[in-house]
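Take a look at the structure below.
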Amino acid sequence: MATQSVEFSAPSGQTITARLFSAGSDTVAQTASAVTEATNRNGVYTATFTNAAAGAYRLIATNSGGTLLAQWWVDLTLTTETFQSYEMPVSVIQSGLSTLNAAGVRAAVGMASANLDTQLADLPTVAEFEARTLPAAAYFDASTDEVTATAATAAAIADAVWDEATAGHTTVGTYGGQVVRSANSNNTVQITGSNHIAADVHEFQADVLTSNATAASFVSEIQSGLATAANQTTILARLGNWTGTGLNTILGAFRAIAGKAAGLTPSDMSSGTTFNNTDDSLEAIRDRGDAAWAPGEAGSGDASQSTLLDVQDQVEAIAAALGGSSVSVTNRVADGGAMVLYTGDDMRVRSGTSITVAISDVAGGIYTRLSGIGVANLAWGAARQSQAAGAISGTISSVTQSGAGSAQVVNLVIEINDAGQSLNPADDYVWQVVSTSSDDDEYTEIEGTLDLRRRVAVPV
């Protein structure tokens, strides 16, 4: 078992609760089993934890009233020892520093093979520089010194020319700029026995296929694949023997099927049939349906207008019967709305500062229930989610009802003494009204939100 002792600083003479939170977490990782102040080092405390997992923690110290006294960071290991707390975790500080050793530093600056003195020794001295640059030194005497060069072979010259990158030889007007070149690795074409270049053509420029560029046989081959007179005859036969004049066209047939205007029926459609667009078109059927297909005329299975009116009367009667009646909903908690308090305020009837909360009660069910319970059995309280119930407590002075209909409300008069004097201001408090029955059954009746703000004025 690892006993981890953490030393931290806080105001002297306090009864302190110390809690550990993992970095970035709002969940308590562990609460110290004991917190003691040093005998001679005033304000230095030691918090004892057991088997806390290794890692960086935020230590938060509060007094017996929950007031924040100090916040520190501590890096723990799963060992029994004493750990010091810091304003920033040691692990975070170390992550921003260099951990290179001497060899690592030399490698980082390019001196892995030797130290700086050794590498500087390879640099020419001033005298050596002057011996190579001053004319008087005669570093190279053209009259006596020789330069030996290897003559380039024809093969080497050819390689240098043909392997040269084309990107460096594109100047307009030069030979390199006029040479036709491939834009990619596809750089071969096929030349036929007739000295023609074979190619797959993917795209033509505009106005290329003119009469001068194509032969008569080319036009004939295109026409053979299009609708010739013979093909057109076949197509017309498949469409039907339309006269092709006046209304006797495909367009005329569509117009007759769609519209009911007089005189649109093609004789090709009416011949041998009783079709007449004024009665049989889609428009005519639609219009006749609007007038003729009234309730009851499409069969006994459809509801008539009188039946629908009877149903409406029944619905209205049910609504009238339910009007003004309270409907009980199991486990329903009434919404009490938002409330604002200032730390240390006294909200009392005697001084006219009590709080009156008006809650919508159209059916009167809330008032009936609360007045039946009685104010002696109602309690008011507020707290944050992380606090114990009743961090702020109060009483219900009276329960009354006012208004009527949709404006009817139940009024709760609440008295609060010393509103959160020792608590931290925040806007995430929740307030509730709780009832207690004669059988000691407790039930949350009403709930709302509370914004506890800091009082900045000093009372006289």
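The values are calculated or read from the model by the stated rules, or taken from the named source; none is laboratory data. Here the structure is a predicted model, which means the values were calculated and not measured. Neighbour counts are summed over all protein chains in view; Cβ atoms, including those assigned to glycine, are modelled from backbone coordinates with ideal geometry.
Yes or no, residue by residue, for (1) surrounded by fewer than 18 Cβ atoms within 10 Å (Cβ to Cβ); (2) aliphatic (A, V, I, L, M); (3) in contact with a Cys (Cβ under 7 Å, 6 or more places away or on another chain):
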{"residue": "T356", "(1), (2), (3)": "yes, no, no"}
{"residue": "S360", "(1), (2), (3)": "yes, no, no"}
{"residue": "Y367", "(1), (2), (3)": "no, no, no"}
{"residue": "N377", "(1), (2), (3)": "yes, no, no"}
{"residue": "W380", "(1), (2), (3)": "no, no, no"}
{"residue": "A389", "(1), (2), (3)": "yes, yes, no"}
{"residue": "A404", "(1), (2), (3)": "yes, yes, no"}
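How about region 32-47: which of its residues are hydroxyl-bearing (S, T, Y) and either touching a residue at least 40 places away in the same chain (Cβ under 8 Å) or exposed (fewer than 15 other Cβ atoms within 10 Å of the Cβ) (or both)? Answer for region 32-47, where residues must be hydroxyl-bearing (S, T, Y) and either touching a residue at least 40 places away in the same chain (Cβ under 8 Å) or exposed (fewer than 15 other Cβ atoms within 10 Å of the Cβ) (or both): S33, T36, T39, T46.
Residues are listed down the side, and each one gets a yes or a no for (1) at pLDDT below 95; (2) among the aromatic types (F, W, Y):
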| position | (1), (2) |
| --- | --- |
| F8 | no, yes |
| R19 | no, no |
| A23 | yes, no |
| V35 | no, no |
| V44 | no, no |
| F49 | no, yes |
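What do you reckon, is G225 over 30 Å from S270 (Cα atoms) and touching a His at 6+ places or on another chain (Cβ under 7 Å)? So G225 fails the test. The criterion of being surrounded by fewer than 20 Cβ atoms within 10 Å (Cβ to Cβ) and not acidic (D, E) does not hold for G394.
Pull up region 399-435, narrow it to residues that are among the β-branched types (V, I, T) and without any contact (Cβ under 8 Å) to a residue 60 or more places away in the chain, then point me to the one that is nearest to R454 (Cα to Cα). Applying the filter and picking the extreme gives V430.
Yes or no, residue by residue, for (1) polar (S, T, N, Q); (2) at pLDDT 80 or above; (3) assigned to a loop (DSSP other than H, G, I, E, B):
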position	(1), (2), (3)
L69	no, yes, no
W72	no, yes, no
T99	yes, no, yes
D117	no, no, no
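Taking residues in region 13-27 that are on the phi < 0 side of the Ramachandran plot, and partners anywhere that are among the β-branched types (V, I, T), the pairs with Cβ atoms closer than 6 Å and at least 6 places apart or on different chains are I16/V35; T17/T62; A18/V35; R19/V28; R19/T31; R19/I60. If only residues of region 12-40 that are under 13 Å from Q71 (Cβ atoms) and outside any strand (DSSP E or B) are counted, the one that is farthest from the chain's Cα centre (by Cα) is I16.
Within region 406-427, the only residue that satisfies the criterion of being crowded, with 16+ Cβ neighbours inside 10 Å, out of contact with any Asp or Glu (no Cβ under 6 Å at 6 or more places or on another chain) and at pLDDT below 85 is G420.
Has region 256-263 got at least one residue that is outside the structural domain of T274 (by TED's automatic domain parsing) and part of a loop (DSSP other than H, G, I, E, B)? No, because not a single residue in region 256-263 is outside the structural domain of T274 (by TED's automatic domain parsing) and part of a loop (DSSP other than H, G, I, E, B).
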